[in-house]
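Report on the structure given below.
The values are calculated or read from the model by the stated rules, or taken from the named source; none is laboratory data. Predicted model, so just to flag it, every value in this text is computed and none were measured. We place every Cβ from the backbone using ideal geometry, glycine too, and count neighbours over all the protein chains shown. Side chains included, ligands, DNA and RNA excluded: accessible areas come from the protein's heavy atoms. Shrake-Rupley method; radii C 1.70, N 1.55, O 1.52, S 1.80 Å.
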Amino acid sequence: MLVALEYRLLCRIAPQLPAKMGGGAYAGKSKLRILLPGIEAKIKDRVVLDFGCGPGAEVKEMALLGAKRVIGLDISAKWLQFAQKEAEQAGVAAKCEFVTSVSNPVEVIVSLDSFEHFAEPEAVLQTMYSVLAPGGSVFISFGPTWYHPLGGHLFSVFPWAHILLKEEALIRWRAQFKSDGARRFGEVEGGLNQMTIRRFQEILKRSAFAVERLELVPIRRSKPLHNRMTREFLTAVVRCELRKPLTLAR
């Protein structure tokens, strides 16, 4: 009964998919340098892995910014093929490689807007550790996290809709526009693992990485209200720098 009511409400207020998470905020701008300020110096003359590269825009950009070599890693063959063509058109194909797995160690790993999507984020962090050379760094930036007003991505037809409404009603509403048969948030294209700040911190604690820096960037208009009590709800972006120790601790 409640699910049916919520579904009718969603159909009424959102007769089409919202465009809030379309990435328009980065149009004509460098998403890489906005989300990871100062990254140019960190990748200069280094072998870099873009973990979850998607269409490869950042792979191409890092090659242009002076990385020695950039590897784009993704599970989507469609995106890897697209990224290869983009690199060729930009004249940096010789410095770029697009793969579904990595065996040789890299010096730097970059991950943008991915940790809220990975089905097994802890396993991903372990994989990053295994392919990173000792002394190497990982730079992660992602958001919004689950309790952000738009943390449900396309399910956030209004602020916190993904929290206030039942998953079943939201999935049923989405099925009007998508035919992939998803029945849970984690099954939609790209996946949503309901990542919170607290969960991410716990994952970092259990990892073998040294946490060099963890930054919680507040929603701009809510900055005066952003504190330890409200950060789950008012953080726009999570940034961190991790380092693999040169030697294993005894």
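Regarding Met128, is this residue touching a residue at least 60 places away in the same chain (Cβ under 8 Å), within 18 Å of the chain's Cα centre (by Cα) and open to solvent by less than 50 Å² (accessible area, probe 1.4 Å)? Steps first, answer last, please.
Numbers: touching a residue at least 60 places away in the same chain (Cβ under 8 Å): yes; within 18 Å of the chain's Cα centre (by Cα): yes; open to solvent by less than 50 Å² (accessible area, probe 1.4 Å): yes.
Considered against the rule, which asks whether it is touching a residue at least 60 places away in the same chain (Cβ under 8 Å), within 18 Å of the chain's Cα centre (by Cα) and open to solvent by less than 50 Å² (accessible area, probe 1.4 Å), Met128 comes out as yes.
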Check: Which one is nearest to the chain's Cα centre (by Cα), of the residues in the stretch 214-225 that are of a type in the set (D, E, K, R) and part of a helix (DSSP H, G or I)?
Finding: Arg220
Check: Scanning the stretch 40-93 for residues that are among the β-branched types (Val, Ile, Thr) and under 21 Å from the mean Cα position of the chain (by Cα), which turns out surrounded by the fewest Cβ atoms within 10 Å (Cβ to Cβ)?
Finding: Ile75
Next item on the list: Among the residues of the stretch 214-250, count how many are hydrophobic (A, V, I, L, M, F, W, C) and either open to solvent by less than 40 Å² (accessible area, probe 1.4 Å) or within 21 Å of His153 (Cα to Cα) (or both).
Entry: 10
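Is it the case, given these coordinates, that Val99 is open to solvent by less than 40 Å² (accessible area, probe 1.4 Å) and in contact with a Ser or Thr (Cβ under 7 Å, 6 or more places away or on another chain)? Show your work before the answer.
Values: open to solvent by less than 40 Å² (accessible area, probe 1.4 Å): yes; in contact with a Ser or Thr (Cβ under 7 Å, 6 or more places away or on another chain): no.
Spelling it out, it is not the case that Val99 is open to solvent by less than 40 Å² (accessible area, probe 1.4 Å) and in contact with a Ser or Thr (Cβ under 7 Å, 6 or more places away or on another chain).
Looking at Glu97, Glu107 in this structure, which one is over 17 Å from the mean Cα position of the chain (by Cα), of a type in the set (Asp, Glu) and closer than 21 Å to Leu36 by Cα?
Going through Glu97, Glu107 in turn, the sole match is Glu107.
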Next item on the list: Give me a count of the residues in the stretch 125-182 that are in contact with a helix residue (DSSP H, G or I) (Cβ under 6 Å, 6 or more places away or on another chain) and among the aromatic types (Phe, Trp, Tyr).
Entry: 3
Item checked: Near pairs, Cβ below 7 angstrom, 6+ apart or cross-chain, from the stretch 188-215 (more than 22 Å from Val131 (Cα to Cα)) to any residue that is in a loop (DSSP other than H, G, I, E, B) and open to solvent by 40 Å² or more (accessible area, probe 1.4 Å) -> Glu189/Asp180; Gly190/His117; Gly191/His117; Gly191/Ala119; Leu192/His117; Asn193/His117; Asn193/Ala119; Thr196/Tyr147
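Within the stretch 141-154, track down each residue that is touching a Phe, Trp or Tyr at 6+ places or on another chain (Cβ under 6 Å) and outside any loop (DSSP other than H, G, I, E, B). Reasoning before the result, please.
Of the residues in the stretch 141-154, the ones touching a Phe, Trp or Tyr at 6+ places or on another chain (Cβ under 6 Å) are 142, 147, 149.
Within the stretch 141-154, Phe142 is the sole residue that qualifies.
Being touching a strand residue (DSSP E or B) at 6+ places or on another chain (Cβ under 9 Å), among the β-branched types (Val, Ile, Thr), open to solvent by less than 30 Å² (accessible area, probe 1.4 Å) and outside any helix (DSSP H, G or I) narrows it down to one of Val138, Val211, Val157, so name that one.
Numbers: Val211 fails: open to solvent by less than 30 Å² (accessible area, probe 1.4 Å); Val157 fails: touching a strand residue (DSSP E or B) at 6+ places or on another chain (Cβ under 9 Å).
Exactly one residue qualifies, and that residue is Val138.
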Notebook entry, point to check: Restricted to the stretch 191-208, and to residues that are of a type outside the set (Gly, Ala, Ser) and part of a loop (DSSP other than H, G, I, E, B), which residue is most open to solvent (accessible area, probe 1.4 Å)?
Noted result: Gln194
